[in-house]
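Since the structure comes first, as structure tokens, the remarks are kept for the end.
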Amino acid sequence: MSKVILAVDDSASMRKMVHFTLSGAGYNVVQAVDGVEALEYARDHEVDVVLTDVNMPRMDGIELVKELRALPSYRFTPMLVLTTESSQEKKLQGKQAGATGWIVKPFNPEQLLATIARVL
Amino acid sequence: MSFDAEMEEIHKIFFEESHEGLDAMESGLLNLDASADRETINTIFRAAHSIKGGAATFGFVEIAHFTHDVETLLDEMRNGVRAMSSQAQQLLLQSVDCIREMIKAAQAGGAVDVQRVAILNESIKDLLASGDVPLTPAPALPVTEVDTVPPAVETAAMPLMNVEGTAASSPVPGWIIRFTPHEDILRTNNEPTRMFAELAKLGPVIADADISAVPALEDLVPESLYFRWTLKLNAVVDQRRVQDVFDWVDASSKLEYEEVSARPAASTGGVGTAAASPAPAPATAPTAAPKAAPAAKAAGDTSSIRVSIDKVDSLINLVGELVITQSMLSQFGERFDPGQLERLREGLSHLSRNTRDLQESVMQIRMLPIGFAFNRFPRLVHDLSRKLGKQVELRLSGEGTELDKTVLEKISDPLVHLVRNALDHGLETPAVRSAAGKDPTGTIELNAYHEGGSIIVEVKDDGAGLNKARILNRARERGLVPADAELTDDQIHNLIFQPGFSTAETISDVSGRGVGMDVVRRNINDLGGHVQITSNEGRGSTIKIRLPLTLAILDGQLVRVGAETYVISLLAIVETIQVKADQVNRLPGGVELFRLRSEYLPIIDLGQQFGIGRDPSTSCDGLLVVVESDGRRFGLMVDDLLAQQQVVIKSLESSYRQVRGLAGATILGDGRVALILDVPGLVQTFEQRALQAEAASAAA
């Protein structure tokens with residue numbers, strides 16, 4: 001069974017980029033447009049890695065990580081936050097919410113794969 | 001799909017969503033008045049943020065760079081550190097334009113106005129650098145008052161943890177890292193062993209574990225970590241590389257770095273050890289994306305449409321039904337028993353219903369909400385009203401009304417012209433309005449709705465209205481109407497659609513070149529629609545545009561003239577009446593008039609017009625189809641009225657050439673071709689002929 005990665009981003013191009021890169025490497029990528037949708041999916045399905053953008057309508061990435069960590073089945077699931085280099089504050093917020101780590105935007109496909117490999 | 005094709009596809013999506021984001025930014029910025037809530041500025045920020053992130057990821061470095069400062073400015077506003085001044089608002093609106101240009105350039109492979117970008121970027125940087133908030137509210141723009149707070153804490157490179165870099169002498173140069181993880185570190189899936197593996201990529205690592213903190217078994221929590229480590233990295237690498245490995249470690253864990261080297265100038269690099277370092281390198285520009293960037297060329301003006309899933313689903317459903325009907329009918333074909341005639345009929349009626357539904361459904365795909373055309377107006381009105389010193393409230397309604405994409409694209413420019421006109425000529429300045437006892441803020445309303453199978457778009461203002469006397473004078477000056485002609489109000493109002501008519505006292509760069517309204521009318525006529533104006537002096541004007549739902553299919557009345565069948569658009573037909581020869585008056589010059597109630601209608605004999613013989617029996621008595629063109633009525637003499645039906649419009653131009661008075665052709669159920677009449681064109685040809693005939697008879 002290939003590992004399931006839940007990619008959460010409100011930007012369709014970023015989702016597609018993540019999907020293209022990761023599915024090409026053999027991962028099974030599930031996409032969600034915001035925290036609400038991601039949480040809904042994650043509740044009913046098994047996910048190996050969560051990869052989420054921070055700035056999203058409805059529920060942002062930090063909130064999503066916090067909500068997911070509170071679920072018993074997500075206590076140890078790697079969760080990565082996509083962030084821009086200017087937002088150290090977000091990184092810290094992400095850590096406090098329970099994120100495993102982050103990927104700094106902009107990233108290229110190799111960086112993304114390396115980062116995913118780092119948590120799997 | 002190949003990598004390049006895939007990237008091109010992704011870029012396309014990026015461009016599309018960037019345009020959407022820019023639209024959202026624009027409308028958000030225009031709505032930033034006192035009543036704007038936090039979510040508005042959040043939405044604007046998010047859009048800028050996404051564009052920047054995407055641009056950086058996909059290698060559009062200039063866009064990312066420019067948008068970065070815009071994002072920073074918005075972030076400060078979002079956090080309440082900076083107030084939204086009208087200066088900042090203008091600057092941000094200009095930035096939206098600028099980013100839009102850059103995206104378009106990236107899309108089509110064109111060039112950007114580098115200087116403009118630089119100047120604007122400079123202005124934003126200036127604004128960012130200015131600690132105090134310039135508050136210069138414009139009269140029309142209430143400014144959100146926010147207390148001035150010094151700019152946000154510097155965000156450049158805040159260290160995540162305390163770093164101690166004490167030099168100590170040691171035989172092997174490298175680093176000593178003392179790592180005391182927080183007990184809960186495993187809970188976030190930050191496995192120290194993985195970090196050690198990372199570290200080992202930089203060079204040989206010796207790890208010493210201190211297990212003294214491990215509690216007795218009964219007190220041990222399996223999910224907690226009780227170890228602490230001292231790691232020796234025997235490689236001369238930059239501290240940053242080492243820190244990157246532990247980048248994800250929580251602030252609650254303890255980390256100490258100690259450089260082990262007698263000579264600290266150890267910047268020679270780690271002998272190729274770190275080539276595979278996967279740590280995120282923020283400063284590195286993406287390498288994969290730029291290669292594919294030129295491939296997005298020519299995507300600028302793609303004629304693709306976004307279709308909602310619902311519409312596609314309904315299409316698929318209908319195709320499904322069609323397939324069922326088809327298989328049912330083909331069963332009959334295999335072994336037909338006359339007793340099944342009833343069922344065959346049923347099948348055929350299914351088929352016709354399926355076809356009709358499918359047709360409607362396919363047409364639906366081309367339908368877009370008119371909101372796409374309305375979207376540009378808040379900005380246009382905002383900019384223009386400032387320029388003209390007028391106060392305007394723009395009200396939009398019926399944005400969800402859908403019409404064909406082609407119609408939508410072509411109606412956009414005429415609408416811009418009408419709105420500009422309303423603003424420039426229609427609405428008065430606040431002083432004039434106040435003096436007339438009106439609200440100093442004028443309103444312009446754009447409204448769209450369905451009416452009897454067509455779409456109505458209205459542009460309404462509560463300005464001064466048309467000045468009849470001035471229009472009449474001007475028209476007489478220009479020889480557009482004879483000096484002694486008596487005209488109704490409607491006729492006077494419609495004079496403004498005459499070519500070369502303009503009553504603006506000064507020519508401004510907004511409107512008033514006199515090339516406007518006739519072009520507007522021609523464009524609308526070309527779309528098979530028509531335009532009408534009603535005006536009330538001192539109270540305002542309403543311009544009503546009637547448009548067909550689509551250009552591909554027409555609701556037509558089939559008529560017979562001699563042996564030929566013609567199609568007249570139902571939109572143009574007012575009524576149909578039977579006429580007797582003695583009800584027709586003949587004027588010198590050959591024009592015939594029919595008195596319909598209080599109005600005399602010129603009769604256009606289609607047989608004569610197209611040079612075909614009409615039925616001898618009905619050549620005098622006949623059917624008169626009353627049509628309306630530009631507010632005037634005419635009677636078309638035909639031999640017979642046939643069915644009313646939808647016809648698919650086929651262009652004559654593509655297979656023959658454009659013919660005056662004909663809008664196209666269609667194929668009838670029996671396979672014959674019927675020509676579709678272009679009523680405005682027909683009327684023009686008729687009038688020219690009548691004028692010529694009149695001149696000829698006067699000369700004789």
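Quick note: the coordinates plus some simple rules give every number you see, no bench work behind them. Computed from a predicted model, the values in this text were never measured in an experiment. Virtual Cβ from ideal backbone geometry, glycine too; neighbours counted across all protein chains shown.
Some notes on this structure:
- Value of Rg/Rh across the stretch A:75-120 [Cα atoms, Kirkwood radius]: 0.97
- Residue-averaged beta-carbon neighbours from other chains (10 angstrom radius) around B:45-57: 6
- Reference-scaled alpha-carbon Rg (2.2 N^0.38 Å with N residues) for the stretch B:3-129: 1.04
- In order along the stretch B:176-189, the phi-based Karplus estimate (6.51 cos²θ - 1.76 cosθ + 1.60, θ = phi - 60°) of 3J(HN,Hα) comes to 10, 10, 9, 10, 10, x, 5, 3, 8, 4, 5, 5, 9, 6 Hz; Gly and Pro are listed as x.
- Amide H contacts of residue B:596 (H built 1.01 Å from N, under 5 Å, at least 5 apart or other chain): B:601
- With a Cα cut-off of under 19 Å and a minimum spacing of 8 residues unless on different chains, the lysine pairs in the stretch A:4-119 number 7.
- Between residue B:97 and residue B:223, the simple spin-label model (points 7 angstrom out along Cα→Cβ) gives 5.7 nm.
- Taking amide H positions as modeled 1.01 Å from N, with prolines and chain starts lacking one, the residues under 5 Å from residue B:553 and 5 or more places away or on another chain are B:649.
- Each of residue B:395 and residue B:206 was given a label point 7 Å from its Cα along the Cα-to-Cβ line. The distance between the two points is 8.3 nm.
- A Förster radius of 45 Å, combined with the Cβ-Cβ distance separating residue A:2 from residue B:441, puts the computed FRET efficiency at roughly 0.15.
- Under a Gaussian network description of chain A, with springs only between Cα atoms under 10 Å, the residue in A:44, A:60, A:34 that fluctuates furthest is A:44.
- Other residues lying with their Cβ under 15 Å from the Cβ of residue B:542 contribute a combined charge of -3, Lys and Arg counting +1, Asp and Glu -1.
- Rg and Dmax, both from the Cα atoms of the stretch B:438-477 and both in Å, are 15.3, 40.
- Other residues whose C-beta falls under 13 angstrom from the C-beta of residue B:689 contribute a net charge of -3, scoring Lys and Arg +1 and Asp and Glu -1.
- Using θ = phi - 60° in the Karplus curve 6.51 cos²θ - 1.76 cosθ + 1.60, the 3J(HN,Hα) couplings for the stretch B:65-82 round to 5, 5, 5, 4, 5, 4, 4, 4, 4, 5, 5, 5, 5, 5, 7, x, 7, 9 Hz; x is entered for Gly and Pro.
- Calculated FRET value between residue B:196 and residue B:655, using beta carbons and R₀ = 56 Å, to 0.05: 0.15
- Here each label is just a point 7 Å from Cα along the line to Cβ, and for residue B:595 and residue A:75 those points are 9.9 nm apart.
- Modelled FRET efficiency - R0 25 Å, residue B:536 with residue B:633, Cβ distances, 0.05 increments: 0.60
- Those residues of the stretch B:648-668 whose amide nitrogen sits under 13 Å from the label point placed on residue B:685, 7 Å along Cα→Cβ: B:657-665
- Chymotrypsin sites (Phe, Trp or Tyr not before Pro) within the stretch A:13-81, DSSP loop, no more than 15 other Cβ atoms inside 10 Å: A:76
- Overall Cα dimensions of chain A - principal axes, largest extent first, Å: 34, 31, 25
- Extension reserve of the residue B:431-residue B:216 stretch, reckoned as 0.36 nm per residue once the Cα distance is removed: 68.7 nm
- Net charge of neighbours whose Cβ lies under 13 Å from the Cβ of residue B:575, counting Lys and Arg as +1 and Asp and Glu as -1: 0
- Near the amide H of residue A:29, within less than 5 Å, lie the amide hydrogens of A:5, all on another chain or at least 5 residues away, with H placed in the peptide plane.
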